[in-house]
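The values are calculated or read from the model by the stated rules, or taken from the named source; none is laboratory data. Bear in mind the structure is a predicted one, so any value in this text is a computation, not a measurement. Cβ atoms come from the backbone with ideal geometry, glycine included; neighbour counts cover every protein chain shown. Accessible surface areas use protein heavy atoms only, side chains included; no ligands, DNA or RNA. Shrake-Rupley method; radii C 1.70, N 1.55, O 1.52, S 1.80 Å.
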Amino acid sequence: MDKLRRVLSGQEENEELGLTAQVLDASSLSYSTRVKWFVICFAGGILCSILGSALLFLPNGIKLFAVFYTLGNIAALSSTCFLMGPLKQLKRMFEPTRLIATIVMLLCLVLTLCAVFWWHKKGLAIIFCIMQFLMGPSVHDGELFPSCFSLH
């Protein structure tokens with residue numbers, strides 16, 4: 001939209017604008033688009049987690065539970081990329097107050113699937129899912145367990 005305004009008002013584009021700035025300018029999303037995709041991704045994550053929890057009570061439902069619960073957590077974590085951008089989110093996730101919680105969360109995402117599909121340890125998969133649940137808020141705001149996961 002800004003490009004169109006500049007062209008229509010007779011202002012020429014700045015030729016000195018770097019390639020990175022041009023790419024970022026061309027790929028930026030509007031605020032309303034970012035909010036819509038945040039809501040879609042976050043709601044999809046919650047839906048996957050609820051679906052996984054419901055599937056837990058089926059025969060051999062532990063595998064479906066682990067997959068859907070893990071996908072739900074990944075979608076919920078990814079949803080905030082739309083609000084603040086992926087680089088800013090990664091920087092915030094790896095801040096000193098969130099570092100340990102982030103590492104534990106990411107390990108639990110992988111270990112949940114390993115416990116179900118390779119090690120065939122259902123109880124261990126449930127423990128990793130509980131750890132995912134406990135680490136989620138710490139990764140997002142760093143305030144759930146501030147004294148336990150701070151590197152200061």
*asked:* Exactly one of these conditions fails for residue 146: (1) at pLDDT below 90; (2) under 27 Å from residue 33 (Cβ atoms). Give me its number.
replied: (2)
*Filter region 76-110 down to residues that are in a helix (DSSP H, G or I) and either open to solvent by 50 Å² or more (accessible area, probe 1.4 Å) or closer than 26 Å to residue 33 by Cβ (or both), then give me how many there are.*
22
*asked:* When you check residue 127 against the structure, is it open to solvent by 50 Å² or more (accessible area, probe 1.4 Å), in contact (Cβ under 8 Å) with a residue 24 or more places away in the chain and aliphatic (A, V, I, L, M), yes or no?
replied: no
*asked:* Condition first: open to solvent by 80 Å² or more (accessible area, probe 1.4 Å) and at pLDDT below 90. Can you find one or more residues in region 30-49 that meet it?
replied: yes
*Does region 16-27 contain at least one residue that is within 29 Å of residue 106 (Cα to Cα) and at pLDDT 50 or above?*
yes
*Tell me which residues, restricted to region 52-93, are among the aromatic types (Phe, Trp, Tyr) and under 19 Å from residue 120 (Cα atoms).*
57, 65, 68, 69
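Find the residue count for region 111-126, including only residues that are touching a helix residue (DSSP H, G or I) at 6+ places or on another chain (Cβ under 8 Å) and assigned to a helix (DSSP H, G or I). Please lay out each step first, then the result.
Of region 111-126, the ones touching a helix residue (DSSP H, G or I) at 6+ places or on another chain (Cβ under 8 Å) are 111-113, 115-117, 121-122, 124-126.
Pick out the ones that are also assigned to a helix (DSSP H, G or I) and you get 111-113, 115-117, 122, 124-126.
Result for region 111-126: 10.
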